[in-house]
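Everything below concerns the one structure shown next.
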Amino acid sequence: GEAGLVRLAPEEIRIPDVSFISWPRLPNGEVPRDAISSVVPDLAIEIVSRGNTAREMQFKRQQYFEAGVRLVWYVYPKQREVHVFVAGENDGNDAEPSVLRENQTLTGGEVLPGFSLPLARLFAMPSPPPGTSPEASA
């Protein structure tokens, strides 16, 4: 849906922070206009904050994979790492993620072929726009 709501099952709705749906998953090749999409994404990304518990994140991951999500990324900004879970590889309840740290590169695997992102770029602090540095206002 436009707001990012995804129906994973009849009574199960999630709002991933970011999701990706491949063209083959779109019914008739069209983007659904429903408020709550019934198209399950290929990739679900969650930005994990202090308020998220390990149990909650495990439950979300389980729901995503049961619904047919193929790849789940948990981004931990404070730890500057990404936990990667792949359907059929490490999607079980007690599965250990592939942990990528700031000096490594995140790839999309079979879900996003050709995608790669050096995590140093993801976690880099943005530069202020020109003319907005503290020196410019002095």
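Throughout, read-outs are computed from the coordinates displayed, never taken from laboratory work. Remember, it's a predicted structure, so these values are computed and weren't measured experimentally. Note that each Cβ is placed from the backbone with ideal geometry, even for glycine, and that neighbours are counted across all protein chains shown.
Under a Cβ-Cβ cut-off of 11 Å, what is the net charge of the residues other than GLU81 that fall near it, where Lys and Arg count +1 and Asp and Glu count -1?
With Lys, Arg at +1 and Asp, Glu at -1, the net is +2.
Under the 0.36 nm per residue contour assumption, what length would be gained going from the current alpha-carbon distance of ALA124 and VAL99 to full extension?
Contour length minus Cα-Cα distance gives 7.2 nm.
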